[in-house]
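Asks: This is the structure, below, for whatever I ask next.
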Amino acid sequence: MNDTTLGAAKAPWHLWFIGGLSLLFNAMGVMSYTMTKLDMLAEAGMTADQIAFMDAYPAWASAFWALGVWGAFAGSVLLLLRSRFAVPAMVVATIGLVGTTVYNYGLIEVPAAMEAPALDIAIWAVTLSLLLYVRRMAAAGVLK
């Protein structure tokens, strides 16, 4: 039996390329989140002021951050597994990114040493592009 007889379209080459690249990109967010939660920021070279800023994150903002990074990572894994659940995972990631962005840009003042607008734009671009891509792959019958 092949994918066509199982009712799923054959996976195009770009699924593996985009899935692999997005997994690597999203793993960086998971690593950052995990290092923060395991109190490993000093080992990462952060200053005491930067660590204090991260420690002051309220639980609700941290929850949105978790939804964003873990949702995006799960979306990449599920894309590589050709699972239709990649779509809801990327929706969760987008919701998490919205909440984190509202907190960081609307409710607090991020220290200058921690501002990274180019990275923020890249995260938005990757997240939205991946959301659109998994939706397209689901609509094309590539995801099961």
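Asks: Can you find even one residue in the stretch 92-110 that is among the small types (Gly, Ala, Ser) and without any contact (Cβ under 8 Å) to a residue 12 or more places away in the chain?
Replies: There is at least one residue in the stretch 92-110 that is among the small types (Gly, Ala, Ser) and without any contact (Cβ under 8 Å) to a residue 12 or more places away in the chain.
Asks: Give me the pairs: first residue in the stretch 129-144 and under 14 Å from Leu80 (Cα atoms), second residue exposed (fewer than 13 other Cβ atoms within 10 Å of the Cβ) and aliphatic (A, V, I, L, M), beta-carbon distance under 8 Å, and six or more apart or on different chains, which are they?
Replies: Between residues of the stretch 129-144 that are under 14 Å from Leu80 (Cα atoms) and residues that are exposed (fewer than 13 other Cβ atoms within 10 Å of the Cβ) and aliphatic (A, V, I, L, M), the close pairs are Lys144/Leu6.
Asks: Next up: What residue, of Val69, Val98, Val30, is in contact with a Ser or Thr (Cβ under 9 Å, 6 or more places away or on another chain) and within 22 Å of Pro117 (Cα to Cα)?
Replies: Val69
Asks: Related question: Quick test for you: out of Phe64, Phe85, Phe53, pick the one residue that is among the aromatic types (Phe, Trp, Tyr), modelled with pLDDT of 95 or more and crowded, with 18+ Cβ neighbours inside 10 Å.
Replies: Phe64
Asks: Just to be sure, is Thr94 buried (at least 18 other Cβ atoms within 10 Å of the Cβ), modelled with pLDDT under 95 and in a helix (DSSP H, G or I)?
Replies: no
The values are calculated or read from the model by the stated rules, or taken from the named source; none is laboratory data. Remember, it's a predicted structure, so these values are computed and weren't measured experimentally. Cβ coordinates were reconstructed from backbone atoms using ideal geometry, including for glycine residues, and neighbour counts include every protein chain displayed.
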